[in-house]
Amino acid sequence: MRSEILIERVYGSHEAAETVMRAVSPDNKGAPAGTEIEISTSGGKLTVRISSSSDLQSFLRTVDDLLFCIQTAERAIASLGKKSA
């Protein structure tokens, strides 16, 4: 069975979306066999598509890991913004 998810996050700028994309991209190189992760930006929107032919538990762990990485990048950006204000 094939599982797929589309995640979209909208940021205040193209630069913020690009920064998050660059921050999480290295994690995608170690995706489990049978899993494809595509990340792109358009304007201030980050789009992530994950599809997998592996078991559901592996798919859910991959989605959870990527969401955690996105959240961490967002928090880092927010923290830097507060320090420069």
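Normalising the average separation of contacting C-alpha pairs (under 8 angstrom, six or more residues apart) by the number of residues puts the relative contact order of the chain at 36 percent. Magnitude of the charge dipole for the chain, about its Cα centre and with charges confined to Cβ atoms of Lys, Arg (+1) and Asp, Glu (-1), is about 300 debye. Taken over the C-alpha atoms, the chain has Rg and Dmax values of 13.7, 49 angstrom.
Any read-out appearing in this document is the output of simple, stated calculations on the displayed coordinates, not a laboratory observation. Only a predicted model underlies this, so the values are computations on that prediction, with no experimental measurement involved. Using ideal geometry, Cβ is built from the backbone for each residue, glycine included, and neighbour counts are taken over all protein chains shown.
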